[in-house]
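What follows is a single structure, written as structure tokens, with notes after it.
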Amino acid sequence: MIPETQPYVVGVRFSKIGKIYHFDAGNLRDLHTGDSVIVETSRGWQLGQVAQVVEKATPPPDGSWKPVDRRATPRDLLLRQLWQRREADVVIICKQQASQIGLSGIKIIAAEYSFDGSRLAIMFSSETEDKVDLKSLRSDMQKQFAPSQVEMRQIGPRDVAKIIGGMGACGLEVRCCSKFLTDFNSISIKMAKEQGISLTPTEITGMCGRLRCCLIYEYDLYVEARQQLPKRNKRVKTPQGEGKVVDVFPLRQGVLVELPEIGYREFSKDEIEPAEELENLMKKAQAPCGDDPNCAGCNNNSDKKGTE
């Protein structure tokens, strides 16, 4: 139970697999996970569902959270459903209008009404990165769906895949983005290389045409594991002699070593020692210390000379 002296902050989600936003529910401390609430956002009034109660909330940059207006009533839920039923018709009409005015290179993906119908967002994607002029289409949609305020919102390929859903490139029945991902992380080729994954486009590209989101799932684990193992082409000492590392197996903490006159053998991390580092330490220990005043040997010699 959060004390009365602490702010009562809840995380609200506006779609089934959507990002969670924090709101101040100090006036409704009896809210629990699963409750429906009405909140004001930058996109108008929205109906959302409480996804979590934040025990230790970090204040936002502006120093305050927007408040939860009230708990949603049965009438609010019914009103939201009525507007949702119209969204499919909006997409059909918008596609027809775009075709009539000769717009090419764009795809109308989805439409979304605010819970009270005061705002209508039409999501589209573009085949190019160039800015698309949709003033004419937006004007036509505004006349068609007044008094709702119409907004044309461009979304990226990953958001398109999330909305459309379907089977993943890996064979999963439901794509990760449509099943549980609430945010899209930055993915790079380096993540595939670090995990030893083939760089063939079909192996690392998702249905959205971008690098697969799953490349980040185990990336940190591989990075941490590789830090504890020697790199390829490094010389190491093993129970069977000295050899060169030809491959690394991060997850099982082992390396494949090429040994002269023996061939390839796999050893665990505990069975090997870095040969080059050991040789450098030996050379440093055997090297003359010179006149270094911090050297214990020099200090001892000085003491002896002074005694003599």
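Mind checking which helices (runs of 4 or more DSSP H) fall wholly inside region 98-182 and carry at least 1 residues that are touching a Cys at 6+ places or on another chain (Cβ under 9 Å) and over 23 Å from GLY44 (Cβ atoms)?
157-164, 176-179
What tally of residues in region 59-90 results from selecting those that are of a type in the set (A, V, I, L, M), closer than 13 Å to PHE115 by Cα and not in a loop (DSSP other than H, G, I, E, B)?
So the count comes out to 4.
So which residues in region 216-251 are farther than 15 Å from GLU194 by Cα and in a loop (DSSP other than H, G, I, E, B)?
Answer for region 216-251, where residues must be farther than 15 Å from GLU194 by Cα and in a loop (DSSP other than H, G, I, E, B): ASN233, LYS234, PRO239, GLN240.
Let me spell it out: the conditions are (1) under 27 Å from the mean Cα position of the chain (by Cα); (2) more than 30 Å from GLY165 (Cβ to Cβ), and SER186 meets all of them except one. Which number is the exception?
(2)
Under the condition of being at pLDDT below 90 and touching a Gly at 6+ places or on another chain (Cβ under 8 Å), which residue from region 150-173 is surrounded by the fewest Cβ atoms within 10 Å (Cβ to Cβ)?
ALA169
Need the failing condition index for MET141 against (1) of a type in the set (A, V, I, L, M, F, W, C); (2) closer than 20 Å to PRO201 by Cα; (3) in the same structural domain as ALA88 (by TED's automatic domain parsing), just the number.
With respect to (1) of a type in the set (A, V, I, L, M, F, W, C); (2) closer than 20 Å to PRO201 by Cα; (3) in the same structural domain as ALA88 (by TED's automatic domain parsing), MET141 is out only on (2).
Only one of (1) touching a residue at least 60 places away in the same chain (Cβ under 8 Å); (2) within 23 Å of LEU120 (Cβ to Cβ); (3) touching a strand residue (DSSP E or B) at 6+ places or on another chain (Cβ under 8 Å) fails for THR182. Which number is that?
(2)
So, MET123, is that one exposed (fewer than 14 other Cβ atoms within 10 Å of the Cβ) and under 26 Å from the mean Cα position of the chain (by Cα) or not?
Spelling it out, it is not the case that MET123 is exposed (fewer than 14 other Cβ atoms within 10 Å of the Cβ) and under 26 Å from the mean Cα position of the chain (by Cα).
Looking only at region 223-243, count how many residues are without any contact (Cβ under 8 Å) to a residue 40 or more places away in the chain and either surrounded by fewer than 17 Cβ atoms within 10 Å (Cβ to Cβ) or farther than 14 Å from GLU273 by Cβ (or both).
Within region 223-243, residues that are without any contact (Cβ under 8 Å) to a residue 40 or more places away in the chain and either surrounded by fewer than 17 Cβ atoms within 10 Å (Cβ to Cβ) or farther than 14 Å from GLU273 by Cβ (or both) number 12.
Out of all the residues in region 183-215, which are of a type in the set (D, E, K, R), in contact with a Lys or Arg (Cβ under 8 Å, 6 or more places away or on another chain) and in a loop (DSSP other than H, G, I, E, B)?
ASP183, ARG210
Do we find a residue being buried (at least 19 other Cβ atoms within 10 Å of the Cβ) and out of contact with any Pro (no Cβ under 8 Å at 6 or more places or on another chain) anywhere in region 15-23?
no
The values are calculated or read from the model by the stated rules, or taken from the named source; none is laboratory data. Please read these numbers as outputs of a predicted model, since none were measured by experiment. When we count neighbours, we look across all protein chains shown, and the Cβ atoms used for this are built from the backbone with ideal geometry, even at glycine.
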